[in-house]
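Peer 1: I'd like to ask you about the structure that follows.
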Amino acid sequence: MPPGSYSEDVSRMIPSLRLSLTVAVATLLAGPALAQDALPSVNWRIATMGSPRAATTHIETIKKFVEEKTDSRFSITIGYGTFGDSREFLDLIKIGAIQGATVQASVSAERLPLYTVLDLPFLPISGAEEQRAVHDAVHLNKAILREFAGWGAFPFMSSLLPTYELMGKGNPPQKLADISGMRMRALGGNGDALSKFGAVTSNMPPQEMYVAMDRGLISAVALPYYAHVSYRTYELGDWMTTNMGMSGTALPVVLSIEAWDALPQQYRDVLMEAREAAYAAQIAAMEHDTAAALDKIKASGMTLIEISDEDMAELRRVGARPIWEEWVAKNSAAHPEAQALLDFVLGAADAPAAR
């Protein structure tokens, strides 16, 4: 684990210690307010991309919680694309220009090669709580902490983005073999895994999907439920899967080690409280968006299909596992712990805390 007093604070993220943290938080909430006069004024800049939406509920919650708790003596400014390009966020943290960011490892995999383990296709993780348990465990893995420490940072929490489902036109697939020859927009490892069953995949920009489906250039698209509604692809579809659970994007909230260590302990404690509130708010926001999207999809008359357990096991064995093994082979020369990290992720997914 990299040096810095944040390591003691981050250890409190371990699920087995959540009870003691909850007791401490309850005591703090029941007691008097923080002694504001003795605390310094601090402003943090946290960078993200896009605009405020359900997927940014966690950082908006952290901002509100921290500022309310400290009477704005500790304030947070969120930059929606205003602090730099998302590919520069790690650099900006390292030089101290920002104190935190949502970081997409897959955008620049050479910077966080080990963390891209969470972007591998069809990992056996389902649901936000299970995703949190696995991601929190990965965030405490020594190899991951060393990797982020190279950028003067550490992963504070996960964004818990939803998994992807396949929506298409025509007759719904009854088995995996039915996707052979199907032209679809499915990105990265998910597309690679599906191509092993004969799917013809492409990586077209999302704004092109509707026209491509409407003109018959593709017949299926992989997106989260809410994105199917946002991009209106559901208006063209006849069927949608409900349990493929294709891996989405691991998008951690990353904080500066130097900035964390410079905070008074009271502010660190508030951030740890805010983290729990942010997780609860993020899960609620994403579940609301997903439910609303699913209601629209159902109202459209689309056929919802469930892939059998046998086909899902086959999809992981034939489609995904070779890609997992390719990831290990690609990274092992520079990072001998790659295989152990993949095993760690798969083990965390199987752990009771993740179920």
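The values are calculated or read from the model by the stated rules, or taken from the named source; none is laboratory data. Worth saying up front: this structure is predicted, and the values here are computed from it rather than measured. Counting neighbours? That spans all protein chains shown, and the Cβs are built from the backbone with ideal geometry, glycine included. Surface accessibility is based on the protein's heavy atoms, side chains included, excluding ligands, DNA and RNA. Shrake-Rupley method; radii C 1.70, N 1.55, O 1.52, S 1.80 Å.
Peer 1: Kindly check whether there is at least one residue in region 293-308 that is of a type in the set (A, V, I, L, M), within 24 Å of the chain's Cα centre (by Cα), over 20 Å from E60 (Cβ atoms) and outside any helix (DSSP H, G or I).
Peer 2: The answer is yes; a qualifying residue exists.
Peer 1: Tally up the residues in region 187-209 that are open to solvent by 40 Å² or more (accessible area, probe 1.4 Å) and over 25 Å from the mean Cα position of the chain (by Cα), please.
Peer 2: So the count comes out to 2.
Peer 1: Scan region 165-188 and give yes if some residue there is in contact (Cβ under 8 Å) with a residue 60 or more places away in the chain and closer than 30 Å to S256 by Cβ, otherwise no.
Peer 2: yes
Peer 1: In region 329-345, which residues are out of contact with any Phe, Trp or Tyr (no Cβ under 8 Å at 6 or more places or on another chain) and either buried (at least 18 other Cβ atoms within 10 Å of the Cβ) or part of a loop (DSSP other than H, G, I, E, B) (or both)?
Peer 2: N331, A333, A334, H335, P336, E337, L341, F344, V345
Peer 1: Then there's this: Exactly one condition in (1) open to solvent by less than 30 Å² (accessible area, probe 1.4 Å); (2) modelled with pLDDT of 55 or more; (3) part of a loop (DSSP other than H, G, I, E, B) is not met by P2; state its number.
Peer 2: All conditions are met except number (2).
Peer 1: Turning to a different aspect of this structure: Consider region 216-245. How many of its residues are open to solvent by 20 Å² or more (accessible area, probe 1.4 Å), assigned to a loop (DSSP other than H, G, I, E, B) and over 14 Å from I305 (Cα atoms)?
Peer 2: 6
Peer 1: Filtering region 173-183 down to residues that are open to solvent by less than 40 Å² (accessible area, probe 1.4 Å) and assigned to a loop (DSSP other than H, G, I, E, B), which residue is nearest to A338 (Cα to Cα)?
Peer 2: The selected residue is M182.
Peer 1: Additional query: Of all residues in region 76-107, count the ones that are modelled with pLDDT under 95 and open to solvent by less than 30 Å² (accessible area, probe 1.4 Å).
Peer 2: Of the residues in that region, 2 qualify.
Peer 1: Looking at this structure, is G168 closer than 16 Å to T242 by Cα and surrounded by 20 or more Cβ atoms within 10 Å (Cβ to Cβ)?
Peer 2: yes
Peer 1: Then there is this: If we keep just the residues of region 41-60 that are open to solvent by 50 Å² or more (accessible area, probe 1.4 Å) and modelled with pLDDT of 95 or more, which is farthest from H288 (Cα to Cα)?
Peer 2: The residue in question is S41.
Peer 1: Has region 279-290 got any residue that is open to solvent by 50 Å² or more (accessible area, probe 1.4 Å), of a type in the set (A, V, I, L, M, F, W, C), modelled with pLDDT of 95 or more and out of contact with any strand residue (DSSP E or B) (no Cβ under 6 Å at 6 or more places or on another chain)?
Peer 2: Yes, the conditions are met somewhere in region 279-290.
Peer 1: Shifting gears a bit: Tell me yes or no: at least one residue of region 145-164 is part of a helix (DSSP H, G or I), under 18 Å from the mean Cα position of the chain (by Cα) and not charged (D, E, K, R).
Peer 2: yes
Peer 1: Anything in region 296-328 that is open to solvent by less than 100 Å² (accessible area, probe 1.4 Å) and more than 17 Å from L346 (Cα to Cα)? List them, or say none.
Peer 2: The answer is I297, A299, S300, G301, M302, T303, L304, I305, I307, S308, D311.
Peer 1: Return yes or no: is A128 of a type in the set (A, V, I, L, M), free of Cβ contacts under 8 Å to residues at least 60 places away in the same chain and either touching a His at 6+ places or on another chain (Cβ under 9 Å) or surrounded by 15 or more Cβ atoms within 10 Å (Cβ to Cβ) (or both)?
Peer 2: In short, no.
Peer 1: Something else about it: Go through region 81-112 and give me each residue that's in a loop (DSSP other than H, G, I, E, B) and under 15 Å from P252 (Cβ atoms).
Peer 2: Of everything in region 81-112, those that are in a loop (DSSP other than H, G, I, E, B) and under 15 Å from P252 (Cβ atoms) turn out to be I98, Q99, V103, Q104, A109, R111, L112.
Peer 1: Restricting the first residue to region 44-59 and requiring it to be free of Cβ contacts under 8 Å to residues at least 60 places away in the same chain, which pairs with a second residue that is surrounded by 19 or more Cβ atoms within 10 Å (Cβ to Cβ) and of a type in the set (F, W, Y) meet a Cβ separation below 8 Å and a spacing of at least six or different chains?
Peer 2: Close Cβ pairs satisfying both conditions: R45/F83; A47/F83; A47/F89.
Peer 1: Suppose we filter R321, R268 for residues that are without any contact (Cβ under 8 Å) to a residue 40 or more places away in the chain and either in a helix (DSSP H, G or I) or over 23 Å from G188 (Cα atoms) (or both); which single one remains?
Peer 2: Sole residue among the options that is without any contact (Cβ under 8 Å) to a residue 40 or more places away in the chain and either in a helix (DSSP H, G or I) or over 23 Å from G188 (Cα atoms) (or both): R321.
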